[in-house]
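Only one structure is covered here, and it is reproduced in the block below.
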Amino acid sequence: MPAAHLVFLYSYSDPLLEPIPDISSWGWQVDRLYQDLGGRSQLRQMLLDCATESVQAEVSVRVQQLTELGDSLSAIGDCLTQLRQLKVCLLIGDQVIGDQVIGDQAEPSDQIAPAELLGQLDQAQLEQRRLRRGHARSRLKSLPPPGRAPYGYRRGKERYLLDRSTAPIVKEFFDHFLLYGSLRGSLRHLQKKYGKKISPATGKQWLTSPVYRGDLAYQTGGQVRDTHPPILSRQEAAQIDRLLRRNRRLPPRAASAPRSLSGLVSCATCQSGMKISRTLHQRAGQAQEYLYLRPVACQQAFGSACRGIPYAEALSQTIERICQDLRPAVAEVEQEAMPNLAKARIMAQIAAQQDILAQLPNLVASAVLDTETAQLRAYKLRTELAELQAKLSQLPPVNLQATAETVSIPQFWLDLSEPERRFYFREFIQQIQIIRTEQDWQLRLIFNFQQM
């Protein structure tokens with residue numbers, strides 16, 4: 001009578017580095033399952049069971065990868081030696097390792113000697129995994145990632161610290177961008193004031209970097225909030241995000257154009273965007289400048305193309321229309337209460353996550369969770385909280401009505417410079433349409449919040 005045949009399946013995964021595998025999807029028929037998550041207690045138990053069961057039955061152990069048997073070459077070698085001494089057949093995937101053949105699962109030509117297999121292991125790969133595990137443990141403690149500190153900071157013992165010599169330069173860049181909404185203009189300002197030349201790519205990275213908002217971002221994609229002193233406040237960061245989203249809708253170079261209507265005006269008749277053209281007229285020996293809004297590519301038939309519009313008149317009508325139309329439009333949007341409902345839903349989710357996070361220390365104290373599991377759960381909760389709070393910051397301001405009351409005064413607009421006026425126009429206006437009649441023209445404003 002043939003001896004019984006037992007198949008043990010062993011799986012190892014590190015929750016710090018990878019998701020827990022779904023073993024049921026592998027499709028292997030096994031008698032016992034041993035699964036370790038970070039530790040090696042189940043591996044030790046499997047070796048004890050192999051020693052017991054191999055006396056009465058043939059035993060084979062199946063793993064997906066050889067590296068699951070240990071964290072180093074010596075640990076893997078020791079495990080292979082024990083399995084060989086117990087005459088246990090090792091299967092990596094569908095390949096038999098050793099000189100035993102269990103049933104008809106593999107031909108002898110498919111077998112690889114343990115020594116040969118161990119020699120194929122890459123020590124650098126194991127070392128890299130060890131380093132990744134160390135970085136993962138640092139993430140659980142919200143420690144900065146390896147490498148140099150970002151410009152404006154220096155590395156402390158457990159977090160970034162403000163660099164007093166460079167942090168003011170970064171702050172000046174953010175303040176200038178918040179005032180004028182121009183990336184290249186802000187970089188030119190730094191070069192002129194501090195002699196610091198920053199590339200546009202670096203400047204754009206500064207605007208979107210979580211580090212300057214007091215958060216840490218890791219290569220895994222997760223973020224942890226409030227880990228070090230910020231250079232940029234939450235309100236300023238939300239404003240920058242709105243500016244960047246707004247600028248993406250504008251034509252190239254319109255974001256930093258000196259005129260406040262640049263990139264906002266289009267013709268409702270020919271559907272063309274409007275550019276600002278400059279004309280000089282000589283009067284009494286002096287050159288006088290006139291500005292016009294003209295279609296970029298008018299689609300009307302030859303001879304009846306849309307005519308240009310004096311820029312000063314278009315600017316005056318824009319101010320008049322925004323003072324008349326903004327408050328009713330804001331009242332209509334706030335009556336729908338969609339932003340408030342979205343904010344309430346996100347805040348409820350944030351409160352629930354924070355409540356779970358506050359319970360973790362008690363669960364560790366009562367031995368329900370071990371320290372490492374609690375740290376891993378806390379890290380995941382903090383990254384989820386960061387995502388929710390990012391969504392919350394992207395919602396439009398809830399004090400739109402109060403803001404509309406202020407900017408609906410004509411004198412407010414007249415007291416602004418063109419760059420300042422450009423900033424506020426783009427904060428509220430998505431598009432200005434020129435509606436032409438046979439004898440005249442008028443403006444129609446489409447506000448940003450009307451598209452929500």
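Worth a mention:
- Scanning the stretch 157-199 for residues that are under 18 Å from Y212 (Cβ atoms), basic (K, R) and either in contact with a Ser or Thr (Cβ under 8 Å, 6 or more places away or on another chain) or touching a residue at least 12 places away in the same chain (Cβ under 8 Å) (or both) gives R159, K171, K196.
- Against the test of being small (G, A, S) and either touching a strand residue (DSSP E or B) at 6+ places or on another chain (Cβ under 8 Å) or open to solvent by 40 Å² or more (accessible area, probe 1.4 Å) (or both), the options S41, S54 yield a single qualifying residue, S41.
- Wholly within the stretch 342-452, helices (runs of 4 or more DSSP H) carrying at least 3 residues that are open to solvent by 50 Å² or more (accessible area, probe 1.4 Å) and closer than 29 Å to D226 by Cβ: 371-394
- Residue match in the stretch 35-44 (condition: free of Cβ contacts under 8 Å to residues at least 24 places away in the same chain and assigned to a helix (DSSP H, G or I)): yes
- Applying the set (1) more than 21 Å from I409 (Cα to Cα); (2) open to solvent by 80 Å² or more (accessible area, probe 1.4 Å) to E313 leaves exactly one unmet item: (1).
- Among (1) over 25 Å from E387 (Cα atoms); (2) buried (at least 18 other Cβ atoms within 10 Å of the Cβ), the one test that Q239 misses: (1)
- Residue pairs meeting the criteria (Cβ under 7 Å; at least 6 apart or on separate chains; first under 13 Å from I434 (Cβ atoms), in the stretch 289-300; second modelled with pLDDT of 85 or more and open to solvent by 70 Å² or more (accessible area, probe 1.4 Å)): R294/K275; V296/K275
- Pairs where the first residue, in the stretch 357-369, is closer than 18 Å to E384 by Cβ and touching a residue at least 12 places away in the same chain (Cβ under 8 Å) and the second is in a helix (DSSP H, G or I) and open to solvent by less than 70 Å² (accessible area, probe 1.4 Å), C-beta under 7 Å, 6+ apart: L357/A378; L357/L381; L360/A374; L360/A378
- Tabulated pairs, the stretch 136-150, first surrounded by 16 or more Cβ atoms within 10 Å (Cβ to Cβ), second charged (D, E, K, R) and assigned to a helix (DSSP H, G or I), C-beta under 8 angstrom, 6+ apart or interchain: L140/E372; S142/R382
- Yes/no for L280 being modelled with pLDDT of 85 or more, open to solvent by 30 Å² or more (accessible area, probe 1.4 Å), assigned to a strand (DSSP E or B) and among the hydrophobic types (A, V, I, L, M, F, W, C): no
- Residue match in the stretch 220-232 (condition: open to solvent by 70 Å² or more (accessible area, probe 1.4 Å), over 30 Å from Q317 (Cα atoms), modelled with pLDDT under 80 and in a loop (DSSP other than H, G, I, E, B)): yes
- Subset of the stretch 183-219 (residues that are part of a helix (DSSP H, G or I), farther than 18 Å from S142 by Cα and open to solvent by less than 30 Å² (accessible area, probe 1.4 Å)): G185, S186, L187, L190, G203, W206, L207
The values are calculated or read from the model by the stated rules, or taken from the named source; none is laboratory data. The model shown is predicted, which means the values in this text are computed figures rather than measured ones. We place every Cβ from the backbone using ideal geometry, glycine too, and count neighbours over all the protein chains shown. What goes into the accessible areas is simple: the full protein's heavy atoms, side chains included, and nothing from ligands, DNA or RNA. Shrake-Rupley method; radii C 1.70, N 1.55, O 1.52, S 1.80 Å.
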